[in-house]
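In what follows, a structure is listed as structure tokens, so that the remarks can point back to it.
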Amino acid sequence: MKPMSASEPKVQSLARELTLQLLYLLDSTSGENVARQMDKVLEMQCESRDARELAREYYRGVTDALADIDARITEAAVNWQLSRMPYIDRAILRIGAYELLFAHETPPKVAINEAVDLAKRYSTEKSGAFVNGVLDKIYQTHGSKV
């Protein structure tokens, strides 16, 4: 593994934000035309080619493993139905779960902290704690086994 440059964490954070927008679009439009709109959305929102490419990778990773990710979120989110969660929280949980379960180059604490930061920035006052609790439970239950 190559050493991380100073700009890489910023690129990764930006890619997570872009992925959040794409996943929100996926949920709010029932998946209609997201693939066609992806390039337009990414180009309008971000100048960094690296961040756009990483966002595409995250989006594909989440959507390719969506059934597994959603099952793990549902299992960890006691007393919460996935369909009843706000789009933003659900999208953030999906990104965090993807990183915990499938993107092994991201340290678990970083994946969880980044998701909590997104929740604090883009969702409700209580979303940060909710996201932290669900992702921590996913990591404790499944993270060390994958």
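The values are calculated or read from the model by the stated rules, or taken from the named source; none is laboratory data. Quantities reported herein were computed from a predicted structural model and do not represent experimental measurements. With ideal geometry, Cβ positions are generated from the backbone for all residues, glycine too; neighbour counts draw on all protein chains shown. Surface accessibility is based on the protein's heavy atoms, side chains included, excluding ligands, DNA and RNA. Shrake-Rupley method; radii C 1.70, N 1.55, O 1.52, S 1.80 Å.
With a 1.4 Å probe rolled over the protein heavy atoms of all chains, the accessible area of Phe130, Phe102 falls in the order Phe102, Phe130, largest first. In a fully extended conformation the segment linking Arg49 and Val78 would gain 6.6 nm over its present Cα-Cα distance, using 0.36 nm per residue. With θ taken as phi - 60° and the Karplus curve 6.51 cos²θ - 1.76 cosθ + 1.60 applied, the whole-hertz 3J(HN,Hα) list for the stretch 62-75 is 5, 5, 5, 10, 4, 4, 5, 4, 5, 5, 5, 5, 4, 5 Hz, x standing for glycine and proline. Taking every alpha-carbon pair under 8 Å whose residues sit at least 6 apart, the chain reaches a relative contact order of 22 percent. Within the full protein context, the accessible area of Val110 is estimated at about 60 Å² for a probe radius of 1.4 Å. Just name one of Ala129, Pro107, Trp80: the one whose Cα is farthest towards the positive end of the charge dipole of the stretch 69-146 (beta-carbon charges, Lys/Arg +1, Asp/Glu -1). Checking the options against the dipole of the stretch 69-146, the answer is Trp80.
Using a 10 angstrom Cβ neighbour count of at most 16 plus a DSSP loop assignment to flag exposed GluC sites (Glu not before Pro), which longest range of the chain is free of such sites? Provide the component values of the computation, followed by the final result.
Values: sites that count: Glu32, Glu47, Glu105, Glu125.
My reading of the result: 48-104 is the longest stretch.
Of the residues Met44, Met38, ranked by 1.4 Å probe accessible area with the largest first, the sequence reads Met44, Met38.
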